[in-house]
Ligand SMILES: C[S@@+](CC[C@H](N)C(=O)[O-])C[C@H]1O[C@@H](n2cnc3c(N)ncnc32)[C@H](O)[C@@H]1O
């Protein structure tokens, strides 16, 4: 069986009990380097997930007899490896275990409900900001090309009144949540790994 397990936003206590149980009973654990390091005292084999997903797919397909867990940050079905593996491995061999997404985590921290939120990402694409900024409540996972600064410039260019929330290193000890208008966020120099929430001003 291939498990795809969401680890939650990062801090180990956010991992579900089921996820933890499946991880520690696996023969093989596959994941990004940092995610693998977060799983202490694992007795089986650890394989670092390469950027070549086809390689991992081939490995999984030839090792279906093993008990393998692929670990992913947050929820694997939100801009994670869940989509690729669900599309390429027969579902009777696959078990996806949800985790708490960094997006869910930030909404809890700022006491805003997630009803009707538009979820999107800037990873590997040019976002359609006309479409995105037309929503009242948006949450974006970002990358180092399009992050808080680029988002805020798009807001300012359109003269929109939005509140922007940047959640960095969520759930880790160096977590930082900054809330402000686009101009305030633009005046901050650097951001670590982050998600951005964009809300209509009330
Ligand atoms: C490939 S996406 C994975 C999202 C993940 N599946 C989830 O549900 O949170 C990676 C992006 O998620 C966001 N992210 C994941 N964990 C985070 C954390 N602890 N703090 C801030 N942002 C995080 C960042 O935008 C990062 O670039």
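Within region 168-192, how many residues turn out to be surrounded by 13 or more Cβ atoms within 10 Å (Cβ to Cβ), over 17 Å from the mean Cα position of the chain (by Cα) and either at pLDDT below 95 or assigned to a strand (DSSP E or B) (or both)?
So the count comes out to 4.
Please find, among 134, 144, 157, the residue that is surrounded by fewer than 18 Cβ atoms within 10 Å (Cβ to Cβ) and within 20 Å of residue 177 (Cβ to Cβ).
144 is the lone residue from the list that is surrounded by fewer than 18 Cβ atoms within 10 Å (Cβ to Cβ) and within 20 Å of residue 177 (Cβ to Cβ).
Of all residues in region 11-28, which are under 19 Å from the mean Cα position of the chain (by Cα), outside any helix (DSSP H, G or I) and either without any contact (Cβ under 8 Å) to a residue 12 or more places away in the chain or crowded, with 21+ Cβ neighbours inside 10 Å (or both)?
15
Modelled with pLDDT under 95, within 13 Å of the ligand (Cβ to nearest atom) and buried (at least 16 other Cβ atoms within 10 Å of the Cβ): which single residue out of 53, 49 fits that description?
49
Would you say residue 184 is closer than 30 Å to residue 85 by Cβ and free of Cβ contacts under 8 Å to residues at least 40 places away in the same chain?
The answer is no for residue 184.
Checking residue 199 against (1) under 24 Å from residue 113 (Cα atoms); (2) within 11 Å of the ligand (Cβ to nearest atom); (3) touching a residue at least 40 places away in the same chain (Cβ under 8 Å), which single condition isn't satisfied?
(2)
Quick one: how many residues across region 128-143 are more than 21 Å from residue 8 (Cβ to Cβ) and within 13 Å of the ligand (Cβ to nearest atom)?
0
Within region 85-107, which residues are under 24 Å from residue 170 (Cβ atoms) and touching a helix residue (DSSP H, G or I) at 6+ places or on another chain (Cβ under 9 Å)?
96, 97, 98, 99, 100, 105, listed by residue number.
Mind checking which residues of region 99-122 are closer than 16 Å to residue 193 by Cβ and more than 11 Å from the chain's Cα centre (by Cα)?
Listed by number, the residues that qualify are 106, 109, 122.
Yes or no: residue 139 outside any helix (DSSP H, G or I) and in contact (Cβ under 8 Å) with a residue 24 or more places away in the chain?
Taking the combined requirement at face value, the residue satisfies it.
State whether one or more residues within region 79-97 are modelled with pLDDT of 95 or more, in a loop (DSSP other than H, G, I, E, B) and more than 23 Å from residue 55 (Cβ to Cβ).
no
The values are calculated or read from the model by the stated rules, or taken from the named source; none is laboratory data. All of these numbers come straight from a predicted model, not from anything done at the bench. Glycine gets a Cβ as well: all are built from the backbone with ideal geometry, and neighbour counts include every protein chain shown.
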